[in-house]
Amino acid sequence: MKSESKLIGAGLLTAIAASLCCITPVLALIAGTSGIASVFSWIEPFRLYLIGLTILVLGFAWYQKLRHRKEIDCECETDEKPKFTQSKTFLGAVTVFAIMMLAFPYYSGTFYSTTKKQIIIVDKLDIKRTEFKISGMTCSSCEEHINYEVNKLNGIINSKASYENENAIIEFDKTKTNETEIERVINSTSYKVTEKKEN
């Protein structure tokens, strides 16, 4: 049935679109091009609508698949097996994939390594704590991406980005790095530092 295939395709596309803003930072990490991380952040305000549309479309596809159809008395042969793309198994696989895409923001942090750095502090007076106001973050995947890139710098003691607060609070050894270098790294992820202030 063509209409079922279209419903399944639409459900799959809306599920992917709903999480595209959170998938992109992980894809950027894998591809090694952190500059594309926030390309789809404009989708975030529409995320709830896309989730609702996904549920509606896939729910209707399941309704179409499971509803009782009237049998028509016919003398013709109808032993033709339906295609795999029209089966309940395929619809089930698409539904599971759609759920995984919709839940992606909640487990995207697992894609970022959490290797511990050995930090040697010679003088506590060299430790500086700065808050960077950042635009473009939309989910925890964005936070993880910024923390991951900032932690590559020498001298970073702690990096805590928050998309809800639109900021990152970073502690660093000012003899090994500086605010300008940290800002450069954040901006290279395609999120933008709008303001910085010492804490």
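Every number here is computed from the coordinates shown, using simple stated rules; none is lab data. Values in this document were obtained by computation on a predicted structure and should not be read as measured data.
What to note about this one:
- Under a 5 Å amide H cut-off, with hydrogens placed 1.01 Å from N, LYS192 pairs with SER135 among residues at least 5 apart or on other chains.
- For the range 112-198, alpha-carbon Rg over 2.2 N^0.38 Å: 1.02
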